[in-house]
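> Before anything else, here's the structure in question.
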Amino acid sequence: MILIRSTPQFALAHTPVYFLVSNNRQTMEHDSNSNDDNNKRIPVYEIRDVQVSEKEDSFVLSVDLPGVKEQNVDIKEHNFVLIIEALRKSGDTNVCKFYRQFSLDKKSIQPEGIHASLSDGVLTVHIPKRPEPQTLDVTPTSSGPPAEDDFENVFFRLDMPGVKLSDLKVQVKGDGILISAERKKGNSTSSIKRMFTVDDTELDVAKAKAYLSDGVLTLTAPPTKKALVAEENGNENKDGQVTTTTDNAISHRSIPVNKKGAPTQD
């Protein structure tokens, strides 16, 4: 199996970082599996031979890993960073390690659906694209936020004096908030357009609400499930230190690989 897992943020600090020498593209690390009293060291190579292609619904990474078996490949994804580590072995002896990390665009890709396969020494990683977000209309109401939409859910306020409810339009698309309005004063009309970007990993903007009261537009949205889990996992102890759970049901996922190297779809 090739393991793909999402790791907690704090865990990355404990992940071995291999500083690669650009001249020979390799460094050395201690072989923790070696029984040698001299603490044998093995070379770690940066993966250089990578091809990136684009399909209609995904991006595909093709990585050359000669001599590596699927059970010795470890792929981690955290906070839109993809890390590939692979160990090449000869019998029970570790020969060398391969390493590479890639930054992923959170607006373009969907990390939950990443899957991989290994065939004939070539690792193929499929990274699904995020679906094109729909444009949602948010119907404003002529009041302030109700008590259940407490202050923590308020993420935006905009002064809009002279704007009536019938002349205000609020739309949400992905992580974008589009506000359009007309202010009428006598025989003249002025148009107002504002575009804002919010963190849709923290706020469930699809459930946004809008309120117009006394010339002030207020937008609210609940936190996402991911944000709630992060908040639950991080608790402050008596000494003021933050402790975080090291594992949860969605942080590890195994990807079965058949003999032909084709990934099993979820």
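The values are calculated or read from the model by the stated rules, or taken from the named source; none is laboratory data. The structure presented is a predicted model; accordingly, all values stated were derived computationally and were not measured. When we count neighbours, we look across all protein chains shown, and the Cβ atoms used for this are built from the backbone with ideal geometry, even at glycine. Areas reflect the complete protein model, heavy atoms only, side chains present, ligands, DNA and RNA absent. Shrake-Rupley method; radii C 1.70, N 1.55, O 1.52, S 1.80 Å.
> Working only within region 175-207, note down all residues that are at pLDDT below 90 and open to solvent by less than 20 Å² (accessible area, probe 1.4 Å).
Gly176, Val205
> Let me ask another. Look through region 150-171, keep the residues that are surrounded by 17 or more Cβ atoms within 10 Å (Cβ to Cβ) and outside any strand (DSSP E or B), and return whichever of them is modelled with the lowest pLDDT.
Asn153
> Just the residues that are modelled with pLDDT of 90 or more, open to solvent by less than 60 Å² (accessible area, probe 1.4 Å) and in a loop (DSSP other than H, G, I, E, B), please, taken from region 112-149.
Hits for region 112-149 are Gly121, Pro140.
> Still on this structure, I have one more. Identify all residues within region 46-70 that are at pLDDT below 90 and either within 11 Å of Val125 (Cα to Cα) or exposed (fewer than 14 other Cβ atoms within 10 Å of the Cβ) (or both); write none if there are none.
Within region 46-70, Arg48, Asp49 meet the criteria.
> Collect the residues in region 208-222 that are closer than 10 Å to Val154 by Cα, open to solvent by 40 Å² or more (accessible area, probe 1.4 Å) and outside any strand (DSSP E or B), keeping them in residue-number order.
Pro222
> Then there is this: Would you check if there is a residue in region 113-123 being among the small types (Gly, Ala, Ser), in contact (Cβ under 8 Å) with a residue 40 or more places away in the chain and under 24 Å from Val205 (Cα atoms)? So that I can check it myself, show each step before the final result.
Quick first cut of region 113-123, residues among the small types (Gly, Ala, Ser) only: 113, 116-117, 119, 121.
Add one more test, that the residue is in contact (Cβ under 8 Å) with a residue 40 or more places away in the chain, and what stays is 113, 116-117, 119, 121.
Pick out the ones that are also under 24 Å from Val205 (Cα atoms) and you get 113.
Yes: region 113-123 contains one or more residues that are among the small types (Gly, Ala, Ser), in contact (Cβ under 8 Å) with a residue 40 or more places away in the chain and under 24 Å from Val205 (Cα atoms).
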